[in-house]
Amino acid sequence: MTTDHETLANLLKEDRRFEPPADLAAAANVSGDAYEHAAKDPGAFWAEQAERLTWAEKWDTVLDDSNPPFFKWFTGGKLNASYNCVDRHVEAGRGDKVALHWVGEPEGDTRDITYAQLKDEVSQAANALTELGVETGDRVAIYMPMIPEAIVAMLACARIGAPHTVVFGGFSADALASRIDDCQAKVIITSDGGYRRGAPSALKPAVDEARTKTSVVEKVLVVRRTGQDLGENGWDDDVDVWWHDAVGSASTEHTPEAFDAEHPLYVMYTSGTTGKPKGILHTTGGYLVGTSYTHHAVFDLKPETDVYWCTADIGWVTGHSYIVYGPLANGATQVLYEGTPDSPERGRWWQIIEQYGVTIFYTAPTAIRSFMKQGREIPDQRDMSSLRLLGSVGEPINPEAYIWYRNTIGGDRTPVVDTWWQTETGMIMISPLPGVTAGKPGSAMTPIPGVSADVVDDDGNPVPNGSGGYLVVTAPWPSMLRTLWGDDDRYVDTYWSRFKKQGYYFAGDGAKKDSDGDIWVLGRVDDVMNVSGHRLSTTEIESALVSHPKVAEAAVVGATDPDTGQAVVAYVILRENAGDGGADIVKELSDHVRKEIGPIAKPRQIMIVPELPKTRSGKIMRRLLRDVAEKREVGDVTTLADSGIMDLISAGQATST
Ligand code: 6R9
């Protein structure tokens with residue numbers, strides 16, 4: 001992902017177009033008229049989409065915009081998200097339909113779960129949580145591998161109105177503790193471990209460690225997944241409860257209570273430009289309307305015949321919106337896979353697609369690029385003719401990756417929907433519609449019906465076609481974040497102050513409109529990196545490095561990487577008393593970051609440097625460090641306080657890993 005002018009010029013030369021297949025277009029859930037229809041009266045349009053759900057009480061007002069940017073949707077309406085995702089399908093006679101084809105990483109370890117079974121398990125878990133003392137409004141942290149119980153746990157929380165905060169299982173005990181602390185979660189749901197690359201990988205010890213750093217947790221509910229040893233002090237009888245005891249013995253009867261449309265559904269932490277992650281708050285009604293409509297429109301889901309698979313982890317927003325809430329509200333049958341794409345063999349994903357006849361597949365460019373590198377021989381061994389639609393999310397998809405995805409995975413027949421959205425937006429915002437849009441490799445195209453977005457200049461004026469600027473959303477949308485947990489000011493500052501005059505939502509991404517007015521998202525304009533589609537803040541990693549006793553100062557940049565989009569590159573100044581830090585200093589620091597934040601934040605490269613390039617006002621010039629990291633000639637250094645620094649740093653590359 002680079003924003004230099006050469007790349008921009010190349011992007012705009014893209015003239016390949018892929019028309020929707022005629023049969024798909026003829027039967028598509030949404031036709032081209034939807035754009036105009038929605039634009040005429042967005043409120044009425046979203047009210048129509050809200051009818052897709054089952055409401056206990058209908059709303060009075062579609063959009064309450066009396067106190068911007070604190071917008072409210074479907075006020076006066078009441079509903080239960082879990083009822084909408086589970087019970088209503090059973091009540092409609094579809095209880096025997098498979099909701100989840102779960103595939104564990106160890107071969108042969110699979111489970112099919114019908115909607116009726118899901119309803120029973122969610123009800124049991126809801127009863128168990130209540131029994132453990134969880135009340136409406138209490139927060140529950142979920143720290144789990146990709147097993148059905150993770151989804152059951154989320155829906156059980158939703159069922160009793162206890163907002164969940166799912167923390168990615170790859171995050172460290174420290175990251176878990178800070179999130180638990182920020183939203184004061186009193187219960188954690190976890191498992192002994194999960195399977196990663198053929199071996200059990202522990203989770204419970206991180207929960208135990210997190211508990212030593214915060215005093216809010218009262219109970220820990222533990223799923224036995226791997227049966228691994230929990231260690232000598234790995235069980236606390238006062239706190240730890242086995243899932244199979246508490247949930248297994250609970251009643252399958254549970255009456256879901258209807259909550260206000262604006263009742264908090266979940267908090268999802270995401271990296272911002274400072275070290276402190278932001279707790280994005282989503283509420284119930286609007287979020288469910290937005291995710292279920294977009295899942296229906298963008299993936300053209302036909303619940304009776306499609307088998308849908310989104311490869312995201314439930315620890316990210318994509319897992320929330322497009323594994324749990326959108327697809328289940330729509331009654332989809334989907335695959336849920338526990339492991340990595342290459343275990344036990346590199347064609348595992350393609351084998352799963354063949355085995356389950358997957359028709360709609362949603363993944364990230366970073367995965368596509370890694371498969372490209374392995375060659376088409378691996379996917380070519382499988383029959384993937386069931387596929388009819390492919391999706392991409394998380395970062396810009398390079399045109400070549402798009403073409404490879406369409407050709408090699410999609411047999412040159414499937415549309416590719418490149419979906420732009422964010423944790424904050426809750427739902428897909430900019431994307432082709434598979435039965436309508438002629439796909440253009442590399443472009444997310446246009447806002448979906450009911451959404452208005454634009455690319456604007458520094459003053460908030462729309463840029464002309466052919467120019468670049470900032471991506472903004474120009475009108476409220478139902479699944480928008482409502483605030484940052486406990487920090488209204490930061491919510492207003494981060495998203496609504498940049499274009500306050502216009503009242504636009506500032507997404508933090510740079511974008512370009514091509515000559516047709518189609519949008520190309522170019523990547524973050526702030527200090528947020530995108531590594532394998534995961535957001536990481538430079539400041540957060542810098543803080544982690546500086547917390548190491550041998551480190552005096554650190555600067556982190558995201559450098560373009562052929563596999564992960566961007567990769568973390570760190571420049572570190574050691575403290576004087578650390579000497580040269582010792583032979584293993586780079587590994588020591590790398591392990592430290594891994595421990596503080598998690599494996600995904602581990603730098604690709606750490607360079608020990610004598611000084612950092614700073615302006616006279618003391619601001620680190622990351623642009624220059626990026627030049628070094630990307631092995632370019634170092635750019636303009638005239639604003640540096642000490643212009644000799646860059647020579648020292650460039651020469652010092654030899655000491656890096
Ligand atoms: C859903 C998700 C959001 C950031 C976003 C942007 C980047 C996501 C993209 C894309 C280009 C796409 N991003 N989808 N960039 N094209 N189709 O990824 O949420 O983790 O919050 O990340 O990801 O930079 O601002 P989140």
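If a residue must be open to solvent by 30 Å² or more (accessible area, probe 1.4 Å) and in a loop (DSSP other than H, G, I, E, B), how many such residues does segment 474-503 contain? Total satisfying the criteria: 12. Checked against the criteria, E57 does not count as surrounded by fewer than 17 Cβ atoms within 10 Å (Cβ to Cβ), modelled with pLDDT of 95 or more and within 27 Å of A438 (Cα to Cα). Here D342, D313 are screened, and the one residue that is within 13 Å of the ligand (Cβ to nearest atom) and either hydrophobic (A, V, I, L, M, F, W, C) or at pLDDT below 95 (or both) is D313. Count of segment 194-233 residues, restricted to those that are closer than 22 Å to V247 by Cα and hydrophobic (A, V, I, L, M, F, W, C), is 9.
Just one of the listed residues (L301, L328) is crowded, with 24+ Cβ neighbours inside 10 Å and assigned to a loop (DSSP other than H, G, I, E, B), namely L301. Every condition in (1) away from the ligand (no atom under 16 Å from the Cβ); (2) surrounded by fewer than 22 Cβ atoms within 10 Å (Cβ to Cβ); (3) more than 15 Å from D87 (Cβ to Cβ) is met by T255 except one, and the failing one is (3). Exactly one residue out of T363, T340, T359 is in contact (Cβ under 8 Å) with a residue 40 or more places away in the chain and under 28 Å from L481 (Cα atoms), and it is T363. Give me the pairs: first residue in segment 305-323 and over 20 Å from L481 (Cα atoms), second residue near the ligand (Cβ under 10 Å from one of its atoms) and open to solvent by 10 Å² or more (accessible area, probe 1.4 Å), beta-carbon distance under 6 Å, and six or more apart or on different chains, which are they? Close Cβ pairs satisfying both conditions: A312/T318.
Restricting L648, L624 to those that are open to solvent by 30 Å² or more (accessible area, probe 1.4 Å) and modelled with pLDDT of 75 or more reduces the list to L648. Among the candidates D112, D120, D65, single out the residue that is of a type in the set (D, E) and either surrounded by 18 or more Cβ atoms within 10 Å (Cβ to Cβ) or within 21 Å of H164 (Cβ to Cβ) (or both). The match here is D120.
For E218, the requirement of being open to solvent by 10 Å² or more (accessible area, probe 1.4 Å) and under 25 Å from K278 (Cα atoms) is met. Counting the residues of segment 515-546 that are open to solvent by 10 Å² or more (accessible area, probe 1.4 Å), more than 11 Å from the ligand (Cβ to nearest atom) and either in a loop (DSSP other than H, G, I, E, B) or not aliphatic (A, V, I, L, M) (or both) gives 9. For K213, the conditions (1) closer than 29 Å to S343 by Cα; (2) surrounded by fewer than 21 Cβ atoms within 10 Å (Cβ to Cβ); (3) in contact (Cβ under 8 Å) with a residue 12 or more places away in the chain are fulfilled apart from (1).
Considering the conditions (1) surrounded by fewer than 16 Cβ atoms within 10 Å (Cβ to Cβ); (2) closer than 19 Å to D174 by Cβ; (3) not hydroxyl-bearing (S, T, Y), D229 is excluded by exactly one of them, (2).
Of the numbered criteria (1) open to solvent by 20 Å² or more (accessible area, probe 1.4 Å); (2) in contact (Cβ under 8 Å) with a residue 40 or more places away in the chain; (3) more than 25 Å from K631 (Cβ to Cβ); (4) within 14 Å of the ligand (Cβ to nearest atom), the one F506 fails is (2).
Residues checked against (1) out of contact with any His (no Cβ under 9 Å at 6 or more places or on another chain); (2) more than 8 Å from the ligand (Cβ to nearest atom); (3) among the aromatic types (F, W, Y):
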| position | (1), (2), (3) |
| --- | --- |
| G410 | yes, yes, no |
| R413 | yes, yes, no |
| V416 | yes, yes, no |
| W420 | yes, no, yes |
| M427 | no, yes, no |
| I430 | yes, no, no |
| A438 | yes, yes, no |
| G442 | yes, yes, no |
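Given the criteria touching a residue at least 40 places away in the same chain (Cβ under 8 Å), closer than 24 Å to T340 by Cβ, surrounded by fewer than 16 Cβ atoms within 10 Å (Cβ to Cβ) and in the same structural domain as Y337 (by the TED database), does R197 qualify?
Working: touching a residue at least 40 places away in the same chain (Cβ under 8 Å): yes; closer than 24 Å to T340 by Cβ: yes; surrounded by fewer than 16 Cβ atoms within 10 Å (Cβ to Cβ): yes; in the same structural domain as Y337 (by the TED database): yes.
Yes; evaluated as a whole, the condition is true for this residue.
Here E36 fulfils each of the conditions (1) open to solvent by less than 60 Å² (accessible area, probe 1.4 Å); (2) without any contact (Cβ under 8 Å) to a residue 12 or more places away in the chain apart from (1). Scanning for something in contact (Cβ under 8 Å) with a residue 24 or more places away in the chain, surrounded by 18 or more Cβ atoms within 10 Å (Cβ to Cβ), away from the ligand (no atom under 16 Å from the Cβ) and assigned to a helix (DSSP H, G or I), does segment 560-580 turn up at least one residue? There is no residue in segment 560-580 that is in contact (Cβ under 8 Å) with a residue 24 or more places away in the chain, surrounded by 18 or more Cβ atoms within 10 Å (Cβ to Cβ), away from the ligand (no atom under 16 Å from the Cβ) and assigned to a helix (DSSP H, G or I). Identify, please: which residue in segment 410-446 is touching a helix residue (DSSP H, G or I) at 6+ places or on another chain (Cβ under 9 Å) and not in a loop (DSSP other than H, G, I, E, B) and is, among those, nearest to G272 (Cα to Cα)? The residue in question is T419.
With respect to (1) open to solvent by less than 30 Å² (accessible area, probe 1.4 Å); (2) under 20 Å from I597 (Cα atoms); (3) of a type in the set (V, I, T), the lone exception for V187 is condition (2). Can you spot a residue in segment 395-403 that is in contact with a Lys or Arg (Cβ under 9 Å, 6 or more places away or on another chain), away from the ligand (no atom under 14 Å from the Cβ), closer than 20 Å to F299 by Cβ and assigned by the TED database to the domain that holds L484? No; the residues of segment 395-403 include none that is in contact with a Lys or Arg (Cβ under 9 Å, 6 or more places away or on another chain), away from the ligand (no atom under 14 Å from the Cβ), closer than 20 Å to F299 by Cβ and assigned by the TED database to the domain that holds L484.
Does segment 273-298 hold any residues that are assigned to a loop (DSSP other than H, G, I, E, B) and either within 14 Å of the ligand (Cβ to nearest atom) or surrounded by fewer than 24 Cβ atoms within 10 Å (Cβ to Cβ) (or both), and which are they?
Those that are assigned to a loop (DSSP other than H, G, I, E, B) and either within 14 Å of the ligand (Cβ to nearest atom) or surrounded by fewer than 24 Cβ atoms within 10 Å (Cβ to Cβ) (or both): T273, T274, G275, K276, P277.
The values are calculated or read from the model by the stated rules, or taken from the named source; none is laboratory data. Since the model is a prediction, treat every value here as computed from it, not as a measurement. Here Cβ is always computed from backbone atoms with ideal geometry, including for glycine, and neighbour counts include all displayed protein chains. Ligands, DNA and RNA are excluded from the accessible area calculation, which covers all protein heavy atoms including side chains. Shrake-Rupley method; radii C 1.70, N 1.55, O 1.52, S 1.80 Å.
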